[in-house]
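Report on the following structure.
Since every read-out is calculated from the coordinates, none of them should be taken as a lab result. Fair warning: this is a prediction, and the values are worked out from it, not measured in the lab. Cβ atoms come from the backbone with ideal geometry, glycine included; neighbour counts cover every protein chain shown.
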Amino acid sequence: MKKATVQTYMPVLSKVIESTEKMGEELNPSFEKLRQAIDNDTVAQMVPAEFNDIQMEFSDGTDQYQQNLAQLKKVSVPARLMGRHRNLLAAYEAYTNACAAMTASMNIDDQTIDVAAFNQAETDQETEMGRISNNVQRIMTTVM
């Protein structure tokens, strides 16, 4: 079996982080529209096609996060990074689950949002993104 090295691990980690940041930037405008509609109690007045598009974008984003998670699970990790990688993996999985929960909080059929679930998912995403950032920084510090 080939030994895991930093040279094989870091490109995968970098790709996952770049993909996550890019997806977050793409989804943020849609999130802001929903957040504003929730805060103004105007979800029911949104254009149905727009509501549906946002739900589909969130679903696509969650799929991308699940693909990233799969990459993190299968990458060979150098022994000295194993603990930090496991922490990163746990945070990324929780983040992915929170994104899925936010998507699930949207009901296309009657154009409603389970606001409590949406708000909890938002809080969980913020918490887990903080943990992801912290763990990536620790991995980078260890490598340098």
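Cross-chain or 8 or more residues apart, Cα under 19 Å: how many lysine pairs in the chain fit that? Count them up, please.
The number of close lysine pairs in the chain is 7.
Relative to the Cα centre, what is the charge dipole magnitude of the chain, using +1 at the beta carbon of each Lys and Arg, -1 at the beta carbon of each Asp and Glu, and rounding to the nearest 20 debye?
1560
Can you give the charge dipole size of segment 1-51 about its Cα centre, rounded to the nearest 20 debye, using +1 on the beta carbon of Lys and Arg and -1 on the beta carbon of Asp and Glu?
I would put it at about 560 debye.
Going through segment 50-144, which trypsin sites (Lys or Arg not before Pro) have at most 16 other Cβ atoms within 10 Å and a DSSP loop state?
Loop-located and lightly packed - none at all.
Calculate the dipole size of segment 85-143 relative to its Cα centre from +1 charges on Lys and Arg beta carbons and -1 charges on Asp and Glu beta carbons; express the result in debye to the nearest 20.
520
Grab the beta carbon distance between SER133 and ARG80, set R0 = 25 Å, and tell me the FRET efficiency rounded to 0.05.
0.75
Length gain on complete extension for the stretch ALA44 to THR8, per 0.36 nm per residue less the alpha carbon to alpha carbon distance?
Extra length available between ALA44 and THR8 comes to 8.1 nm.
In whole Å, what is the distance between the alpha-carbon centres of segment 87-113 and segment 1-77?
What the calculation gives is 10 Å, centre to centre.
First check a/c for the chain, with a ≥ b ≥ c the square roots of the eigenvalues of its C-alpha gyration tensor; if it is under 1.5, answer rounded, and if not, answer prolate when a/b is larger than b/c or oblate otherwise.
It comes out prolate by the Cα gyration axes.
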